Amino acid sequence: MQVELLDCTPTPEELVCRAARGDYSSDWVGSDVPFAEVMEPVEGDTIDEKKQTLMDHLMRSGHWGPFEHPSATFAVRGVSRSCMAQITRHRHASFDVMSLRYVKLSGEEALEERFTYPETFESDEVVSREGVEEIEMSAEERGELADEVYQKCIDAYTDLVEAGVPKEDARMLLPIGTKVNMTFSMNARALMHLLNMRMKGDAQWEVRELSEKVLAEAKEWMPYTFERYEEKHPQPLSP
Ligand SMILES: Cc1cc2nc3c(=O)[nH]c(=O)nc-3n(C[C@H](O)[C@H](O)[C@H](O)COP(=O)(O)OP(=O)(O)OC[C@H]3O[C@@H](n4cnc5c(N)ncnc54)[C@H](O)[C@@H]3O)c2cc1C
């Protein structure tokens, strides 16, 4: 799985502060007013300190509106259709997902490139809220079973497409572990909500992994906001 910050609002935390200052002052906060002037009444010796003071205040008081102005677009490579179905439940994001109506999958690629292999196909134990449990099938058998089923699926799909069945119908034989790519855009507030839901210990491992990679990119984009967010986000499940 790969996640890349594809595009974003260029000065997001300045935008949050400028919008918020417009809430608390009758002065115009348009771009013709220097940012330092907009922030002048805020406590702090430097512009960075002033930004932190204001954003701290917003986050502590649950004043999330200003965080809806900056947006980011993420490119995601190689998540299962299961993970894609989960992330696309978030209604404040915009998505483009690789379409299996239009894209013809090749049967030539290695199975690992085409399909998702969860860790529990290989590890000897599974860690859950109930504790650590052993898996009663050898890793070798599980690996062989997954390879066999995935190979049958891609072979059957390829046979149907080559026989003239439309891709949109042949894809019915592809498993939920089939990997797709997607692009999605969200504002910072909606993104924090998504991370809250999907980094929780009881969220599925793949969407948690995706969320962790998105958070790493978001910290590059809005360092103060997402580092502060990370301090508070729910802890992952541990054994
Ligand atoms: C661990 C876990 C298990 C889950 N299991 C299931 C499952 O078994 N089956 C299943 O179907 N889904 C499941 N979900 C999905 C979940 O129910 C939500 O649909 C999904 O997480 C989207 O989050 P959200 O509802 O907060 O909405 P978002 O779309 O992210 O919206 C953000 C917020 O906006 C507000 N909002 C948006 N739209 C509306 C609206 N129409 N009306 C009122 N308020 C709105 C809400 O406050 C919402 O929290 C699961 C999610 C998690 C994290």
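So, Met186, is that one within 16 Å of the ligand (Cβ to nearest atom), assigned to a strand (DSSP E or B) and surrounded by 12 or more Cβ atoms within 10 Å (Cβ to Cβ) or not? Step through it out loud before you land on a result.
Working: within 16 Å of the ligand (Cβ to nearest atom): yes; assigned to a strand (DSSP E or B): yes; surrounded by 12 or more Cβ atoms within 10 Å (Cβ to Cβ): yes.
In short, yes.
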(request) Residue by residue through segment 192-207, note down the ones that are modelled with pLDDT of 95 or more and more than 10 Å from the ligand (Cβ to nearest atom). (result) Glu206
(message) Go through (1) touching a residue at least 40 places away in the same chain (Cβ under 8 Å); (2) closer than 27 Å to Glu220 by Cβ; (3) assigned to a helix (DSSP H, G or I); (4) out of contact with any Ser or Thr (no Cβ under 8 Å at 6 or more places or on another chain) for His92 and report which single condition fails.
(response) (3)
(message) Tell me the residue from Lys104, Lys152 that is surrounded by fewer than 16 Cβ atoms within 10 Å (Cβ to Cβ), at pLDDT below 95 and more than 30 Å from Tyr229 (Cα to Cα), please.
(response) Lys104
(request) Tell me, yes or no, whether segment 62-77 has at least one residue that is part of a helix (DSSP H, G or I), in contact with a strand residue (DSSP E or B) (Cβ under 9 Å, 6 or more places away or on another chain), surrounded by 13 or more Cβ atoms within 10 Å (Cβ to Cβ) and not assigned by TED's automatic domain parsing to the domain that holds Ser26. (result) no
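Just one of Ala203, Ala216 is under 19 Å from Gly78 (Cα atoms), in the same structural domain as Leu15 (by TED's automatic domain parsing), within 13 Å of the chain's Cα centre (by Cα) and not in a loop (DSSP other than H, G, I, E, B); which is it? If you could, list the steps in order and put the result at the bottom.
On the way: Ala203 fails: not in a loop (DSSP other than H, G, I, E, B).
Unique residue meeting the criteria: Ala216.
In the set Glu40, Glu4, which member is closer than 30 Å to Asn181 by Cβ, surrounded by fewer than 17 Cβ atoms within 10 Å (Cβ to Cβ) and of a type in the set (D, E, K, R)? Steps first, please.
Details: Glu40 fails: closer than 30 Å to Asn181 by Cβ.
Result of the check over Glu40, Glu4: Glu4.
The values are calculated or read from the model by the stated rules, or taken from the named source; none is laboratory data. These numbers were taken from a predicted model, which means no experiment stands behind them. In this analysis, Cβ positions are derived from the backbone assuming ideal geometry, glycine residues included, and neighbour counts consider all displayed protein chains.
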